[in-house]
Amino acid sequence: MATGIAPAAPLTPAVFAILLSLAEGEKTGSPATGPGRWGGKHGYLIMKDARSPQGGGIQMGPGTLYGSLERMMRDGLVEESGVSDDERRRYYRLTTTGQSVLAAELSRLDAAVSSARSLGLIPQEGRS
Amino acid sequence: MSRPTEVADSSGRLVNLYAMAVRLYPQPFREAYGPSLRQAFRDALDDGSLSRRALIPLVLRDLASSLLKEHLSMLRDTFARPALIFNALVLAGLATVLALALNTIPQQVLRLGANDPQIALADDLVAKLEQGIAPADAVAPASIDIARSLTPFVIAYDDQGHPSASQARLDGAIPVPPSGVFDYVRQHGEDRLSWQPILGTTSNKDEKSALNGGMAPRGHGVRIAAVIQRVKLANGSSGGFVLAGRNMREVENREHLVGQLAALTWIAMLALIAAGTVVFGWYTRPGPAQAH
C-alpha cells in the first residue's frame, strides 16, 4: 500500500483500534507503551487501549489481535519494533503508510460525523 | 491464607487451557504468534482490569471467531495464489483437450472402419452393373432385416432413385435414402454417410425425406453406415446407384464405451490435478508476515 493512499474501504473496527492505539503511543511517548529501546506497544497493551472508550471500545481477544496484526504487517501498516528477552512479547509500531491510512480513516469519520451533526442527528458541539 | 495460591493455581490452569486451545490455530500462525497469544492472555489475567467473568467469555468468542478466520485465511493464502490457480487451470485445460481427443479420435476411427465391408461390397456390385449385368442378377438373393441384423447388405437403385434390387428390408419395404443423397452422388460419384432410415423424430430434413420414402417412424432410430456409389455404364450414361450398408448398433455401442472411458479419464485427470495442486500448494504455502 503506497504512502498517502486512503484505504479503499472503511477499516475494520479491530484494525482501526490497533492503528489508533499505536498512534496514541507514538503521540504521547508514554513509558507505559513499552520498553524505551524499541518504542511501540505489545499485544496486551493494544487490547487494553482498544477496550477503552477512547480507543473505540472494541472487545478484542488475543487471536483477533494477532490475526489483525499479521494482516496489517503484510499490508505495511505496522511493523514489529522488537521482541522481549523471553520472546513472549512482541512490540509493534505504525509505519508511515499506517499513519496515512489512519489519517484518511479519521478524516472519513470526521466528515461523516460533521454530516450527521449538520443533519441534526447528533448534538452540535458546545451544546448539551 | 490460601487465597493467593488458589488464584495462582486457577490462573495457571486457565493459561494451560488457553495454551491447548492455541494449538488449534494453523501451524504457521501458531509458530509465529503462539507465545505472544499466551502472553497476552496471561497479561489479561494478571492485569485484572477485566474481571474473569468478562474475560473468559470474551476469549472464548475470540477463539471461535479467530480460529475460523485464521484457518480460512491460511486456506486462501495457500490455495488462492494466482500462480497456483493459473497452473491448475492450464493443466485442467490440457486434460480437457486430451480427453476430447481420446473421445473423438477413437470414435472417428471406429466410424470410418465401419465402412470397410460396404466399400468392398459397393465396389464389387458397381463393377458387375457396369459390365451390364442386370441388378436382379448382380445382387445376391437375401432378405436382411436391417433393423435387427448386423450383416452388410447391398441395394441397387435406378437413376431416379427407385430400388431395382435389394438384399435389405425394413418393415417389409426396401429403404430409400433421401433424394439429396442421390443428387450428391450424381455430382461426386460416391458418398459415405450415417443414414437413419427409422426415425426417432421427424424434425430433420433428411428424416422427413426418409419418411417420404415410405418408412414409418418408430420410437427409436436405426443408423446405417452407408456407402453409395454411382454406376457409370460403358456408353457413359448413368446406370443408377448402389448402396452398401450395415447396421451401426455395435459400432455405436463401442463409441459409447469410448465416450465413457474418455469421461472417466477426464475426471481422473482433473482429480489428479486437484490433488497435486493441493499438495503442491500446501508445501509451498507462504509463511506468516513475521517470518519475512
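Listing for the model above:
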quantity	calculated
Some residue of the stretch A:62-82 being at pLDDT 90 or above and polar (S, T, N, Q)	yes
Leading residue by the ranking (surrounded by the most Cβ atoms within 10 Å (Cβ to Cβ)) among those in the stretch B:11-30 that are touching a residue at least 24 places away in the same chain (Cβ under 8 Å) and away from every other protein chain (no Cβ under 12 Å)	B:L14
Qualifying residue in the stretch B:46-56 (condition: closer than 26 Å to A:R71 by Cα, within 14 Å of chain A (Cβ to nearest Cβ) and assigned to a helix (DSSP H, G or I))	yes
Members of the stretch A:76-125 found to be hydrophobic (A, V, I, L, M, F, W, C), within 14 Å of another protein chain (Cβ to nearest Cβ) and part of a loop (DSSP other than H, G, I, E, B), listed by number	A:L77
Checking A:F16 against (1) at pLDDT 90 or above; (2) among the aromatic types (F, W, Y); (3) in contact with a Lys or Arg (Cβ under 9 Å, 6 or more places away or on another chain), the condition it does not meet	(3)
Per-region count, the stretch B:87-124, residues without any contact (Cβ under 8 Å) to a residue 24 or more places away in the chain and within 22 Å of the chain's Cα centre (by Cα)	11
Flag if B:A114 is at pLDDT 95 or above, surrounded by 12 or more Cβ atoms within 10 Å (Cβ to Cβ) and more than 14 Å from chain A (Cβ to nearest Cβ)	no
Residue check, A:T64 touching a residue at least 12 places away in the same chain (Cβ under 8 Å), of a type in the set (V, I, T), more than 9 Å from chain B (Cβ to nearest Cβ) and out of contact with any strand residue (DSSP E or B) (no Cβ under 7 Å at 6 or more places or on another chain)	no
Every pair of residues 6+ apart whose Cβ atoms lie under 8 Å, when the first sits in the stretch B:221-241 and is closer than 21 Å to B:A120 by Cα and without any contact (Cβ under 8 Å) to a residue 40 or more places away in the chain while the second is polar (S, T, N, Q) and surrounded by fewer than 21 Cβ atoms within 10 Å (Cβ to Cβ)	B:R223/B:S194; B:R223/B:Q196
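A quick yes/no check of all residues on (1) over 40 Å from the mean Cα position of the chain (by Cα); (2) of a type in the set (G, A, S):
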{"residue": "B:A40", "(1), (2)": "yes, yes"}
{"residue": "B:A44", "(1), (2)": "yes, yes"}
{"residue": "B:D47", "(1), (2)": "yes, no"}
{"residue": "B:R52", "(1), (2)": "yes, no"}
{"residue": "B:I56", "(1), (2)": "yes, no"}
{"residue": "B:K69", "(1), (2)": "no, no"}
{"residue": "B:L84", "(1), (2)": "no, no"}
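The values are calculated or read from the model by the stated rules, or taken from the named source; none is laboratory data. The model shown is predicted, which means the values in this text are computed figures rather than measured ones. Neighbour counts are summed over all protein chains in view; Cβ atoms, including those assigned to glycine, are modelled from backbone coordinates with ideal geometry.
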